[in-house]
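Below: one structure, written as structure tokens.
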Amino acid sequence: MRVGGPVLTFETDPCVLSKDFQINDIFWTLQGEGVHSGQRALFIRLPFCNYDCPWCDTEYNSFKKLTEPELVHWLKQEPARLAVITGGEPLVHKDLPRLLKLLKEHNFYVTCETNGSAPVPADIDFVTCSPKAFTKGKFEPYYVHPDAYPKTKQWKYVVDDNFDFGLLERHAKDPQDIIHALSPEFGKMKKNTQRILEFIKLNPQWRLSLQTHKWIDIP
Ligand code: SF4
């Protein structure tokens with residue numbers, strides 16, 4: 001027989017509640033871009049970002065709290081085992097280690113989309129690094145953390161009006177199996193796609209990456 005004070009339930013134990021996950025958004029959909037394009041995936045968007053890109057398309061400062069059982073419910077909802085952790089900037093979020101542990105316990109292949117400004121945990125299977133110019137002055141434009149560079153399997157640069165293709169010379173000695181992708185800023189698609197196509201003619205190690213989910217109007 002149990003002795004002592006009242007038994008705290010999951011709902012009332014403040015210690016347990018403080019372990020809630022901060023989740024900006026979570027949903028099942030198709031990966032819309034990059035090498036996993038077209039695959040069914042669980043998207044988990046973590047809140048907050050250390051950058052301030054003017055064309056950012058996510059409201060990354062808001063979040064809802066999910067308990068671990070609520071999160072596990074999402075993981076079990078569908079049979080696909082591809083997870084996409086994105087943000088905001090997921091690598092600087094405090095909940096990332098616990099989230100990775102949970103995903104691995106449920107046999108997910110974990111992909112992550114990062115701006116490349118922080119170290120990459122070992123539990124991430126596939127890193128897409130998308131360096132940005134708008135680092136709030138904390139780093140030089142298009143900074144990549146020394147730990148993130150060798151762990152990146154897919155590079156993705158957003159080509160906006162000011163993008164200087166000369167920057168891409170930094171990838172001249174990358175291994176052959178690394179994917180190099182260029183994505184036009186969505187709001188100025190036509191002009192910047194044309195610039196990418198001209199570049200790829202002479203630099204075929206780079207490929208065009210379109211945000212297909214936006215074309216077919218899915219999240
Ligand atoms: S790094 Fe990504 S999430 Fe952060 S402001 Fe830029 S586009 Fe938005």
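Each value in this text was obtained by applying a stated rule to the coordinates, not by laboratory testing. Predicted model only: the values in this text are computed from it and were never measured. Note: ideal-geometry Cβ built from the backbone for every residue, glycine included; neighbour counts use all protein chains shown.
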Binning every alpha carbon pair distance of the chain at 5 Å from zero, what are the percents per bin? 1, 6, 14, 17, 19, 16, 11, 6, 4, 2, 2, 1, 1, 0, 0, 0
Determine the gain in length on full extension of the stretch Asp57-Lys76; use 0.36 nm per residue of separation and subtract their C-alpha separation, reporting nm with one decimal. 4.0 nm
Extension length gain for Asp123 and Ile218 (0.36 nm per residue less Cα distance), in nm, is 31.4 nm
Which residue fluctuates the most in the chain, going by a Gaussian network model with Cα springs under 10 Å, if the choices are Asp52, Asp164, Asp125? Asp164
Sparse-neighbour loop sites [trypsin sites (Lys or Arg not before Pro); segment 171-219; at most 12 other C-beta within 10 Å; DSSP]: Lys173
Mind checking the angle between helix 189-202 and the chain's longest principal axis? C-alpha axes, 0 to 90 degrees, to the nearest 10. 60 degrees
Compute the separation of the alpha-carbon centres of segment 120-142 and segment 202-219 and state it in Å as a whole number. 20 Å
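Using 0.36 nm per residue of separation minus the Cα-Cα distance, give me the extension gain between Asp20 and Glu169 in nm, one decimal. Don't skip to the answer; put the middle values down first.
On the way: separation 149, 0.36 × 149 = 53.64 nm, distance 4.31 nm.
Between Asp20 and Glu169, full extension yields an extra 49.3 nm.
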For segment 94-162, which trypsin sites (Lys or Arg not before Pro) are in a loop by DSSP, counting at most 13 other Cβ atoms within 10 Å? Lys94, Lys136, Lys138
Of all stretches in the chain that avoid GluC sites (Glu not before Pro) placed in a DSSP loop and having at most 14 other Cβ atoms within 10 Å, the longest is 60-219
Determine the alpha carbon to alpha carbon distance for each of Lys76/Lys104; Lys188/Lys214; Lys94/Lys214; Lys101/Lys132; Lys19/Lys94 and list only those over 18 Å. Lys94/Lys214; Lys101/Lys132
